[in-house]
Amino acid sequence: MQQDRANSTNFGHMVVLPVTFVGSPRHMNQLYQDSMALVRKFGKPDLFITMTCNPNWPEILHELRPGEEANDRLDLTSRVFNMKLNALLKDLLHNGVLGTTVVDIHVVEWQKWGLPHGHILIILRSQDKSRDNNDYDRMVCAELPDKSTHPELYNIVTFRMLHGPCGVIHLSCPCMVNGACNKGYPKTFQPQTEDSTGNYPTYQRRDDGMTFTHPT
Ligand SMILES: [Zn+2]
């Protein structure tokens, strides 16, 4: 009988990737179960930190060949990102810049256009946990830096870390749902950080005259 070569179900056989195969569903599930076990023992994470690859990092731009963009060189962006992620983890875990870490869990993902980003969950030892508004303000700043005293930081924050532009004049922005930003921007001014128990704290956003307008 002639074999039906057009039927793809006649070829190959199912392969179950074992837990030792890095990135396989079983491997990821094991890491997930480990993470849940840590949370059961040590409690909810204190810090959720995201780090994104910047295609304009000088270490990447210096190595691009003529006509290339960062998106063309995933080997390069991945390596540079990995080095910088390790430097950040060293600051967080070994140097304890935000407190002594009891548990850290991190994962690296790739955005659809190919750049890596990392999510880091950290549980701090009891005496270093955030307990009041001063603790939040010590770790998190949701305000624009002073342009006159910290111009470089102001440029980085306004260029890299602001949400938008969205709103009624940018209805095509992905966050716009039914005419409003689904992330709640622009946020209202907030004289001081307020803790809303069990939820995200409302960070301090003082009306201090610092402004920024997205270039159109
Ligand atoms: Zn928005």
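The values are calculated or read from the model by the stated rules, or taken from the named source; none is laboratory data. Since the model is a prediction, treat every value here as computed from it, not as a measurement. So basically every Cβ, Gly included, is an ideal-geometry build from the backbone, and we count neighbours across all protein chains shown. Calculation scope for accessible area: heavy atoms of the full protein, side chains included, ligands and nucleic acids excluded. Shrake-Rupley method; radii C 1.70, N 1.55, O 1.52, S 1.80 Å.
Observations on the structure shown:
- Principal semi-axes in Å for the range 19-113 [√(5λ), Cα gyration tensor, largest first]: 30, 19, 10
- Estimated dipole of the range 72-169 in Debye, rounded to 20 [Cβ of Lys and Arg +1, of Asp and Glu -1, Cα centre]: 200
- Accessible heavy-atom area order of F11, F48, highest first, probe of 1.4 Å: F48, F11
- The residues of the chain have, on average, 74 Å² of accessible surface per residue, using a 1.4 Å probe with all protein chains present.
- Angle in degrees between helix 25-42 and the longest Cα principal axis of the chain, rounded to the nearest 10: 40
- Crossing angle, helix 151-160 versus the chain [Cα axis fit, 0-90 degrees, rounded to tens]: 40
- The fraction of Cα-Cα pairs per 10 angstrom bin, counted from 0 for the range 131-216, comes to 15, 39, 36, 9, 0 percent, rounded to whole percents.
- Efficiency of FRET from Cβ geometry, D72 and D195, R₀ 30 Å, rounded to 0.05: 0.05
- Net charge contributed by nearby residues that have their C-beta within less than 12 Å of L98 (K/R +1, D/E -1): -2
- Using the Cβ of G114 as centre and a radius below 15 Å, the other residues enclosed give a net charge of -2, where K and R count +1 and D and E count -1.
- What a 1.4 Å probe finds exposed on the chain is 55% carbon and sulfur by accessible area, rounded to a whole percent.
- Charge dipole (debye, nearest 20) of the chain; +1 at Cβ of Lys and Arg, -1 at Cβ of Asp and Glu: 500
- Taking N as its residue count, the alpha carbon Rg of the range 64-153 over 2.2 N^0.38 Å: 1.41
- Neighbourhood net charge (13 Å Cβ-Cβ; Lys/Arg +1, Asp/Glu -1) for M28: -1
- For the chain, DSSP calls about 95 percent of its internal beta bridges antiparallel.
- Cα-Cα over 27 Å, subset of K90/K147; K41/K187; K41/K129: K90/K147; K41/K187
- Crossing angle, helix 74-89 versus the chain [Cα axis fit, 0-90 degrees, rounded to tens]: 50
- Evaluated over the chain, the Cα radius of gyration and Dmax, each in Å: 22.6, 83
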